[in-house]
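What follows is a set of notes on a single structure, which appears directly below.
The values are calculated or read from the model by the stated rules, or taken from the named source; none is laboratory data. Bear in mind that the values here come from a model prediction, so they are computed numbers and not experimental data. Using ideal geometry, Cβ is built from the backbone for each residue, glycine included, and neighbour counts are taken over all protein chains shown.
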Ligand code: AHR
């Protein structure tokens with residue numbers, strides 16, 4: 001039986017969301033599902049919050065890959081270029097949405113990257129073969145250009161270091177180059193390159209996907225953990241302000257999933273602050289092309305977060321450590337079409353068209369759901385990066401004449417603008433349907449899980465007296481009413497009410513039709529202590545309210 005025929009729609013099932021389901025939605029479906037009919041309801045109490053939302057959970061990623069750097073953010077020959085060679089159209093867009101933190105320079109690229117090739121006079125920088133993507137790297141853009149660009153877009157850098165061909169020594173040299181003021185070999189080299197002030201880079205990823213056999217310099221977990229501990233200990237000595245992220249599993253489908261994380265942390269738990277998670281979703285093998293399963297995949301992200309947290313806490317507990325690690329979900333997105341053949345093979349070209357995934361409406365709806373999960377898990381996830389930002393599996397696409405916004409741009413921009421303050425601990429009840437259980441390829445799954453039609457996340461910004469709700473309606477056929485029940489406060493006005501939806505789930509934007517999928521105003525609910533929001537079928541809705 002395939003997953004579609006196996007699925008039973010339970011229109012009368014309600015998933016209770018107060019405690020269990022709100023915090024472990026992927027679990028909730030078996031543990032807390034209740035048989036009862038009725039409309040969806042969310043109870044909002046400003047005193048019940050999960051955590052302060054760290055803005056860095058809405059970060060992104062720029063890799064030396066395809067046209068992400070060259071032709072994306074940097075293109076000296078372009079009519080849009082400023083005196084640094086930065087594309088001003090792209091810069092304005094990124095600064096405009098306020099991306100808080102941006103990971104760089106990779107990704108797989110970093111595991112073969114010599115950062116020294118990318119500093120100093122541009123005319124002396126070597127052209128090298130990047131073996132991760134079989135691309136020619138000109139090195140015209142390096143760490144200094146990157147930091148300058150980050151300042152220009154008001155983002156904080158998150159630097160990945162080379163744990164493939166690199167050593168703790170090369171990582172320490174880079175840290176010294178970036179963060180030590182003066183009077184040492186590498187800090188003086190930075191000054192000689194024209195950067196007098198240290199870059200003061202706080203966030204560092206110790207390698208990338210080192211669990212993956214595809215990774216340059218892939219080694220077993222214990223060896224990686226020892227290397228990470230050695231580098232981390234020295235890095236902290238050099239600059240105690242750094243925040244260090246150990247490299248976790250590249251996803252739940254790795255045979256070493258969780259074991260890698262455990263073995264790594266057993267070596268370096270005391271020296272690092274966080275562990276990384278990566279995940280790319282798709283509506284093909286894992287779902288059998290079933291959009292109702294696809295739109296439930298943010299619950300798979302929830303589950304992954306929960307499992308990695310459990311491993312962190314198990315290792316910490318066994319070590320009798322007083323420290324709690326946070327999570328850096330530093331690569332996440334939809335990516336399943338541009339994943340093979342010429343889409344991933346640079347063929348020794350400079351800035352080839354790689355990983356240029358074109359997103360449709362259903363991808364944007366899932367990205368909305370994934371952002372909901374990150375908001376709900378902001379107690380533990382402190383950094384997360386939409387991978388990536390420009391041209392490569394990205395919300396922004398460029399050509400020589402300009403740029404367009406992909407469908408996934410919109411939920412991301414909403415989160416950046418409206419998810420502020422604290423994440424609300426919402427008590428959500430919603431009718432539900434069933435799909436094959438999370439975290440397993442559809443073809444092999446024999447268990448079902450219950451998925452609420454409405455997925456709701458919310459934030460409250462007490463200082464600015466606003467609350468925002470983000471609602472995904474996974475029902476492809478029916479609009480659903482969501483009753484909002486306010487405790488201890490009553491909204492006084494609607495700041496904005498918008499919806500991302502459409503009749504064609506496969507509709508895409510492009511240079512020819514940049515506005516095919518864009519948010520539209522939605523009829524705002526009447527404000528009061530009980531309100532009813534009508535959430536259109538297959539939609540993602542933003543409701544921002546002013547509070548008394
Ligand atoms: O983001 C694209 C690639 O996906 C990254 O280089 C790698 O880390 C991951 O596998």
State whether one or more residues within the range 121-131 are outside any loop (DSSP other than H, G, I, E, B), under 20 Å from residue 65 (Cα atoms), within 14 Å of the ligand (Cβ to nearest atom) and at pLDDT 95 or above.
yes
Just one listed residue, out of 383, 392, is outside any helix (DSSP H, G or I), crowded, with 24+ Cβ neighbours inside 10 Å and within 14 Å of the ligand (Cβ to nearest atom), and it is 392
Which condition does residue 217 not pass, out of (1) within 16 Å of the ligand (Cβ to nearest atom); (2) crowded, with 20+ Cβ neighbours inside 10 Å, if it passes all the others?
(2)
Where the second residue is within 16 Å of the ligand (Cβ to nearest atom) and the first is without any contact (Cβ under 8 Å) to a residue 40 or more places away in the chain and lies in the range 63-86, which pairs have Cβ atoms under 7 Å and are six or more apart or on separate chains?
none
The condition of being surrounded by fewer than 18 Cβ atoms within 10 Å (Cβ to Cβ) and within 20 Å of the chain's Cα centre (by Cα) holds, among 51, 83, 68, only for 51
Test: residue in the range 395-402 that is closer than 17 Å to residue 61 by Cα, part of a loop (DSSP other than H, G, I, E, B), within 16 Å of the ligand (Cβ to nearest atom) and at pLDDT 95 or above:
yes
Can we say residue 100 is surrounded by 21 or more Cβ atoms within 10 Å (Cβ to Cβ) and under 24 Å from the mean Cα position of the chain (by Cα)?
no
When you check residue 115 against the structure, is it modelled with pLDDT of 95 or more and within 16 Å of the ligand (Cβ to nearest atom), yes or no?
no
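This table checks each residue for (1) outside any helix (DSSP H, G or I); (2) surrounded by fewer than 18 Cβ atoms within 10 Å (Cβ to Cβ); (3) away from the ligand (no atom under 16 Å from the Cβ); (4) in contact (Cβ under 8 Å) with a residue 12 or more places away in the chain.
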site: 157; (1), (2), (3), (4): yes, no, yes, yes
site: 162; (1), (2), (3), (4): yes, no, no, yes
site: 171; (1), (2), (3), (4): no, no, yes, yes
site: 176; (1), (2), (3), (4): no, no, yes, yes
site: 183; (1), (2), (3), (4): yes, yes, yes, no
site: 188; (1), (2), (3), (4): no, yes, yes, no
site: 201; (1), (2), (3), (4): yes, no, yes, yes
site: 210; (1), (2), (3), (4): yes, no, no, yes
site: 213; (1), (2), (3), (4): yes, yes, no, no
Residue 287 - would you say it is farther than 22 Å from residue 378 by Cβ, more than 20 Å from the chain's Cα centre (by Cα) and surrounded by fewer than 19 Cβ atoms within 10 Å (Cβ to Cβ)?
no
Which one of these does residue 121 not meet: (1) farther than 27 Å from residue 236 by Cβ; (2) touching a helix residue (DSSP H, G or I) at 6+ places or on another chain (Cβ under 9 Å); (3) surrounded by fewer than 18 Cβ atoms within 10 Å (Cβ to Cβ)?
(2)
Scope the range 227-246; condition closer than 16 Å to residue 209 by Cα and in contact with a helix residue (DSSP H, G or I) (Cβ under 7 Å, 6 or more places away or on another chain); matching residues
227, 228, 244, 246
Residue, farthest from residue 423 (Cα to Cα), within the range 33-48, restricted to residues that are part of a strand (DSSP E or B) and at pLDDT below 95:
35
Just for the range 220-230: of the residues that are buried (at least 22 other Cβ atoms within 10 Å of the Cβ) and in contact (Cβ under 8 Å) with a residue 60 or more places away in the chain, which one is nearest to residue 161 (Cα to Cα)?
228
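A quick yes/no check of all residues on (1) out of contact with any strand residue (DSSP E or B) (no Cβ under 6 Å at 6 or more places or on another chain); (2) within 16 Å of the ligand (Cβ to nearest atom); (3) assigned to a loop (DSSP other than H, G, I, E, B); (4) without any contact (Cβ under 8 Å) to a residue 12 or more places away in the chain:
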residue	(1), (2), (3), (4)
275	no, yes, no, no
279	no, yes, no, no
293	no, no, no, no
303	yes, no, no, no
310	yes, no, no, yes
316	yes, no, no, no
321	yes, no, yes, no
324	yes, no, yes, no
345	yes, yes, yes, no
Can you work out which of the residues in the range 326-343 that are under 19 Å from residue 388 (Cβ atoms) and part of a helix (DSSP H, G or I) is nearest to the ligand (Cβ to nearest atom)?
343
Does the range 448-459 include one or more residues that are under 19 Å from residue 98 (Cα atoms) and either more than 17 Å from the chain's Cα centre (by Cα) or within 16 Å of the ligand (Cβ to nearest atom) (or both)?
yes
